Structures are given as C-alpha cells and as structure tokens.
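Undergrad: Dropping a structure here in structure tokens format, bear with me for questions.
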Amino acid sequence: MSGTSAASAAALAAAFADAYGHAPEGVWRAPGRVNLIGEHTDYNDGLVLPFALPLGVSVAASRRDDDVVEVRSLQADGTVTAPLSGTPGDVRGWAAYPVGMARVLREHGVGGATLLIDSDLPQGAGLSSSAALECATAIALCDLHGVWIAPAELARLAQRAENEHVGVPSGIMDQSASMLSSAGSALLLDCRSGLTSNVPFAPGEAGLTLLVVDTRASHELTGGEYARRRAECEKAAEILGVDALRDVKDLPAALGRLSDPVLRRRVQHVVTENHRVEATVGLLRAGAVAEVGGLLLASHMSLRDQYEVSWPEADVAVDEAVRAGARGGRMVGGGFGGSVIVLTRTESADRVRNAIEAAYQARSWTPPVFLDETAPSAGAHRLV
Ligand code: ADP
Ligand code: MG
C-alpha cells in the first residue's frame, strides 16, 4: 500500500478502521529525501542541497483523550502503547520514532493519539525514512490537536525526537528536507544559521532524469570512519583557528598551514564542496540544470580522492554512467555503502541504467536497484 494518491490515503484510512474499529480523523504524509550536493559539509557548519522524493511515510491518525500514543505500522509487527509522559529509552525499536515525536510535542500542547503508519520508502537505505516517519507523525499530531508550529521549528523538534528519544545524533538536514521542501525544488540549507531557501530543480522539465541507484553495498565501516572524519575536521579547524571549516576563506593559505597530508585532503574537500553547493545553486537559478552534472562529478571525485569515503560499487556506477553518456553523478550519504545519484538526459536513461547493470554483472556484484520515482516533490502535508 501507499503512494501519494488519494486512493492510497483512502486505503490507509480503511486499514486504520480495520485495525482500530473506527475511522481516522485524517491522513498525513512526509517524504524521504536525497541530497543533491553538499556531502560531509553539514557538521562543518556548511551548506547542503537536499530535495524531497515522491516516496515517503503516511500516517492515519485520530485523537485520544488519555495522554497515550498507540502506534502500529504496516511495515512492522505489533502494537506499541506508551504514555506521553514516559522517558527516553522506555520505548525501543521503530516505535521510539513516533512515540518520541509525540513526547517532544507534548511540551507544545499536543495530546494523545492513535496512529497507523504506512510507507513506500525503503528503510535504512539512506533516503531518510526515519525523518519522514517523524515529520509525518509531527504534522498529524499538531493538526489533530490544533497546535500550530512553524515548519522550520517542527523540523528542529523532529531532530530532537531522534536525538533524545531514539539516541541517533543526526543533524538537521533530513527533517528540514522532509518538512520544508516544495515540488520542483531543492532546499538550500545553511547548517550554521539554519536558514533555508527553495531553489528551482525540475530535471524532468529540462529533458533530464535524476537516477537514484542503491549500490547494494553494506556500510559496515561507516560508524568508525564517519567519527574519524568528523574528528579530523575538528582538528583541522582548531589548527587553522576557525570555529568550523566553513570559515576557511583562503584555501591555499589554509593548506599551507597544515603539515598532515590527510588533514589537507579533508580541508580541500570540505571547502571546495561548499563552493560546489553555491555553484549548483547558481546554475539551477539560471535554469542550467544539465550543467549541474559536472559539479556532481567533481563532488564524487573529491569524496573519492580527498575525503576517501567512496566505495568500489559507487565508483563503478559513476564511471559507467558517464561513459554511457550521463551528465554526471556522485555517491550520496556518509560513504562506504548506500546510494549513488546520476543526472542524465531522459533519452539516455535506459542506456545508463543498462551500462551500470552490465558493469555490476561483469564483476559478479549484487545487482543495483534503481528507484522508480525521483522527481523533486512536496514536503510534509495533509492528504485527506
Ligand atoms: P533511513 O532514515 O536512512 O531510512 P534510519 O536507520 O535512520 O535509516 O531509519 C530507519 C528506521 O526508521 C527503521 O529501522 C525503523 O525503526 C524506522 N522506520 C522507518 N520507516 C518505518 C515504517 N514504515 N514503519 C516502522 N518503522 C519505520
Ligand atoms: Mg535516518
């Protein structure tokens, strides 16, 4: 079940009635996201440019007057019932996301609710099903209880729910993209100020397709390597006497002051990646969508050679895509596994897909999986 159509909202409402014995008061939805460009810039106080996917999480819900949240998911087993007044850690597993969200919103006047969750977004694939689940729950609860919170603030509260109640120290990008995106746009987010602005991004209208390719490679190393990269950035910032690498203005001078070649490579990536985000925004605002391909490719090479977080399946996917005529592409996410995006003319999309599949087959790798729908889509909203 699921999708954005009224029909699937009606199907979820019917499933809610089956599960709980009464109709829901409404159905809400929040999308997953892909980051177009700006990788490993977020924790350096820099810029990111995600966009919302057509895929997401829907929540059918009704109010309760007993300060309890009751949740079920069509993608998980069991029913979880928890008091709004509970403490972080007393609900574990998937239910910690919606219950944590409700607990954070309780401070803002939200009461109890009964929820049924459904999703067409793969979980744990780097497309941010967790933020979609938090944001869909947040707008459902606020709407039900007549509480109005500005979307940017709601994104921060969703981040808090994930940080405090699930225990994942995630940044603000995923929740901002899920709450604040609009159709046909990417969302420029300044991770220092928290300010955002919508940037036109509609590849389809320019005869282009953005492919999202799950490389099917695992991220076993991600945790340790991710922490190491963050520590290297902090160390470089300290040596350079800046609050964050975002503040490096003169790159050659900064590189000259770092004797460790590893730190030099990390700084090179972070500083140039912020410039690539700005250049991408400039091209998109000028309507030159196809030209963004070159920046995606430059981002990939920087992540591969300077930041050293790409993985063989990603490198092969990007190389093969370009050889088959794509405008560009790059790994997305923290690295060492996950997805790749490719920007290609729509008429070449099949050829690009086939080239990537053939290259994987020739290496006896698990076949890649291509997301069906990737058009930049609307942020969290009520369906019915
Ligand atoms: P990502 O956000 O990249 O998808 P995360 O590990 O951050 O990966 O979040 C995935 C987790 O979110 C799942 O393990 C599950 O706990 C929860 N989740 C996401 N979607 C659903 C759903 N439809 N039903 C239940 N839990 C979900
Ligand atoms: Mg997540």
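Values in this text are rule-based calculations from the coordinates and carry no lab data. Fair warning: this is a prediction, and the values are worked out from it, not measured in the lab. Cβ atoms come from the backbone with ideal geometry, glycine included; neighbour counts cover every protein chain shown.
Undergrad: What is the extension gain from Ala76 to Glu153, computed as 0.36 nm multiplied by their sequence separation minus the C-alpha to C-alpha distance, in nm to one decimal?
TA: So the extension gain works out to 24.8 nm.
Undergrad: What three numbers, in Å, describe the spread of the alpha carbons of the chain along their principal axes, ordered from the longest?
TA: Sorted largest first, the three principal extents are 63, 49, 41 Å.
Undergrad: Taking the Cα centre of segment 31-122 as origin, work out the dipole magnitude from +1 charges on Lys and Arg Cβ and -1 charges on Asp and Glu Cβ, in debye rounded to 20.
TA: Computed charge dipole of segment 31-122: roughly 120 debye.
Undergrad: Further, regarding this structure: Once you place label points 7 Å from the Cα toward the Cβ at Glu164 and Glu107, how far apart are they in nm?
TA: Between Glu164 and Glu107, the label points sit 0.4 nm apart.
Undergrad: Please give the charge dipole size of segment 111-254, origin at the Cα centre, charges +1 on K and R Cβ atoms and -1 on D and E Cβ atoms. Round to the nearest 20 debye.
TA: With Lys and Arg at +1 and Asp and Glu at -1, about 220 debye.
Undergrad: On to the next question. Highest mean first, how do 59-67, 320-328, 154-162 rank when packing is the count of other Cβ atoms within 10 Å averaged over residues?
TA: Top to bottom by mean Cβ count within 10 Å: 154-162, 320-328, 59-67.
Undergrad: Hey, got the dipole for the chain? About the Cα centre, +1 on K and R Cβ, -1 on D and E Cβ, debye to the nearest 20?
TA: Charge dipole, the chain, about its Cα centre: 580 debye, nearest 20.
Undergrad: Round to the nearest 10 and give me the degree value, 0 to 90, for the angle of helix 349-362's Cα axis relative to the longest principal axis of the chain.
TA: Orientation of helix 349-362: about 80 degrees from the principal axis.
Undergrad: Follow-up. Measuring from label point to label point, each 7 Å out along Cα→Cβ, what is the Ser182 to Arg216 span in nm?
TA: It is 4.0 nm.
Undergrad: Take the Cα atoms of segment 1-151, find their three principal axes, and give me the spread along each one in whole Å, biggest first.
TA: For segment 1-151, the Cα spread along each principal axis is 46, 35, 29 Å.
Undergrad: Take the Cα atoms of segment 85-207, build their convex hull, and give its volume per residue in Å³.
TA: Each residue corresponds to 126 Å³ of Cα convex hull volume.
Undergrad: Additional query: Based on a Kirkwood Rh over C-alpha pairs, give the Stokes-Einstein translational diffusion coefficient of segment 202-370 at 4 °C and viscosity 1.567 mPa s in µm²/s.
TA: 77
Undergrad: Per 10 Å bin, what is the whole-percent P(r) computed from every C-alpha pair distance within segment 144-282?
TA: Taking every Cα pair in segment 144-282, the percentages come to 9, 27, 35, 24, 5, 1.
Undergrad: Right, something else. Kindly rank 95-102, 243-250, 139-146, 258-265 from highest to lowest mean number of other beta carbons found within 10 Å of each residue.
TA: 95-102, 139-146, 243-250, 258-265
Undergrad: Expressed in nm to one decimal, what extension gain is obtained for the pair Arg64 and Asn354 from 0.36 nm per residue of sequence separation less their Cα-Cα distance?
TA: Extending this stretch completely gives an extra 99.3 nm.
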